[in-house]
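These notes are about the structure you will find just below.
Throughout, read-outs are computed from the coordinates displayed, never taken from laboratory work. It should be emphasised that the depicted structure is a prediction, and the values quoted were computed from it without experimental measurement. Here Cβ is always computed from backbone atoms with ideal geometry, including for glycine, and neighbour counts include all displayed protein chains.
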Protein chains: 2
Amino acid sequence: MHQILKTYFLDKIKVSDDNLSNISSFFKEYSFGKNEFLLKEGEVCKYVYFVTAGCLRFYSVNTDGIENTRYIAFEGKFGTSFTSLITGEESIEYIQSLEKTTLLAIRKDDFYHLVEKEPAVNVIYRNILESAYITTQKRIYDLQGSDSLERLRWLLKRQPDVFNRLSNKVIASYLGITPYTLSRLKINL
Amino acid sequence: MHQILKTYFLDKIKVSDDNLSNISSFFKEYSFGKNEFLLKEGEVCKYVYFVTAGCLRFYSVNTDGIENTRYIAFEGKFGTSFTSLITGEESIEYIQSLEKTTLLAIRKDDFYHLVEKEPAVNVIYRNILESAYITTQKRIYDLQGSDSLERLRWLLKRQPDVFNRLSNKVIASYLGITPYTLSRLKINL
DNA sequence: CTGAGATATTGCCATAGAGCAACATTTTTC
DNA sequence: GAAAAATGTTGCTCTATGGCAATATCTCAG
């Protein structure tokens, strides 16, 4: 089992080596180059991913072609297109590698099987859902509660990786502004 | 047990009458008038609520005094201030009754006890988290992806109760616009 | 019922951020 | 390592929405 996934579990819950190796047996390792697509709008999401190196970007494109990035999963984080995974409907999101990325993937049915059979995964899934919810919630609060400069400062302080590792284009789409505006804001940092 | 809560469970999962009555024994009924506060910013949320009549509004107030409503729980819906409930931190949200409201409340520790001990509640909680996440997600997509008129039309179509039962002030804070703008938009409906 | 307070509407002006275009810089590719 | 492509910057202008103020309408307590 990948050490980084093991650490993820052990940091959060007590679980035996036997259970851990059962769990890990359902994950399969994959590698991606920069800017490859793991999921496109209109496809159904069938995997849960755990990033071991690099990062994944989860974003959607509206009718005017504006991109909106909702989440960046860096190494050591789970990520999936929840809405599509859960409902089985077509995804409105794209999942894209932004860097050379390696990850562990588990199929949807295997994942939900583990949620039922392995208490550790039940708890972890709850954890993931809870924190996905909290993150998203804070994001809405943030999006509506502050102007763009405040949001940029917040990002810089709380998620420096996003600021330091990603392109302006991606950062702007994460903050919900245009790259033009981001460029102008940086003068006032 | 309240029929409406029973229906909620039975609609989603197979569960025996015995388990249902064990579950319901942890809920206590409360009544509120119009515009009462169940939780204020800075307090820690200790309950999960299930609305049996009326409705609850979940909202936050930013530093400029702008209100942002994230969710309205009408009768037959669960609602709580997840972020505070889960983390035990002070809430950034207010919970307020917008109409004469009756509800069933369960204490946080009893709730998580049931999540562990009653498989039905484990599944229901997962359900609630999943759909809270999906709703929130669609909301972000919506907030960033469409202009205010489109959002208003979406609301009218998808959540007519919000439009029909609540004040302009609340609707505006739900759409992330000012009551002035909402007033102006209604001309173009 | 009545009247005070809350809520909603609308004219007017202000402003944050969008978007184009031109140019500069960085990154990728062969 | 040079050319091409992508990304970033900045001047200028435009637009959607904000916000005040005056007025109109609703609503709820006595």
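Out of the residues in the stretch B:132-144 meeting the condition of being at the interface with chain A (Cβ under 7 Å from one of its Cβ atoms) and polar (S, T, N, Q), tell me which one is surrounded by the fewest Cβ atoms within 10 Å (Cβ to Cβ). Even if it seems obvious, please write down each step before you answer.
Applying the first criterion (at the interface with chain A (Cβ under 7 Å from one of its Cβ atoms)) to the stretch B:132-144 yields B:132-134, B:136-137, B:139-141, B:143-144.
If we keep only those that are polar (S, T, N, Q) too, we end up with B:136-137, B:144.
Details: B:136: 21, B:137: 24, B:144: 19.
The extreme case among them is B:144.
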Name the single residue, out of those in the stretch A:91-103 being more than 10 Å from chain B (Cβ to nearest Cβ) and out of contact with any Lys or Arg (no Cβ under 7 Å at 6 or more places or on another chain), that is surrounded by the most Cβ atoms within 10 Å (Cβ to Cβ).
A:103
Would the stretch B:87-97 turn up any residue that is of a type outside the set (D, E, K, R) and assigned to a helix (DSSP H, G or I)?
yes
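Consider the stretch A:164-181. How many of its residues are of a type in the set (Phe, Trp, Tyr) and facing chain B (nearest Cβ under 10 Å)?
Here is the first cut: in the stretch A:164-181, the ones of a type in the set (Phe, Trp, Tyr) are A:174, A:180.
Next, only the ones that are facing chain B (nearest Cβ under 10 Å) stay: none.
Qualifying residue count for the region: 0.
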Would you check which residues across the stretch B:27-36 are on the phi < 0 side of the Ramachandran plot and either within 14 Å of chain A (Cβ to nearest Cβ) or within 16 Å of DNA strand D (Cβ to nearest atom) (or both) and list them?
B:31, B:32, B:33, B:34, B:36
Looking at residue A:24, is it surrounded by 14 or more Cβ atoms within 10 Å (Cβ to Cβ), more than 10 Å from chain B (Cβ to nearest Cβ) and under 13 Å from the mean Cα position of the chain (by Cα)?
no
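So, in the stretch A:7-35, exactly how many residues are basic (Lys, Arg) and more than 17 Å from residue A:49 (Cα to Cα)? Break it down into steps so the answer makes sense when it comes.
Going through the stretch A:7-35, the residues basic (Lys, Arg) turn out to be A:12, A:14, A:28, A:34.
If we keep only those that are more than 17 Å from residue A:49 (Cα to Cα) too, we end up with A:12, A:14.
Residues in the stretch A:7-35 being basic (Lys, Arg) and more than 17 Å from residue A:49 (Cα to Cα): 2 in total.
Among the candidates B:147, B:161, which residue alone is more than 14 Å from chain A (Cβ to nearest Cβ) and out of contact with any Leu (no Cβ under 8 Å at 6 or more places or on another chain)?
The unique qualifying residue is B:161.
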Somewhere in the stretch B:68-90, is a residue within 16 Å of DNA strand C (Cβ to nearest atom) and within 14 Å of chain A (Cβ to nearest Cβ)?
yes
Just checking, does the stretch B:146-161 include any residue being within 11 Å of DNA strand D (Cβ to nearest atom) and outside any helix (DSSP H, G or I)?
yes
Flagged pairs (Cβ under 6 angstrom, 6 or more apart or on separate chains; first in the stretch B:165-189, under 19 Å from residue B:61 (Cα atoms); second basic (Lys, Arg) and more than 7 Å from DNA strand C (Cβ to nearest atom)) are B:175/B:151
Being away from every other protein chain (no Cβ under 13 Å) and in contact (Cβ under 8 Å) with a residue 24 or more places away in the chain is true for just one of B:124, B:106. Which residue is that?
B:106
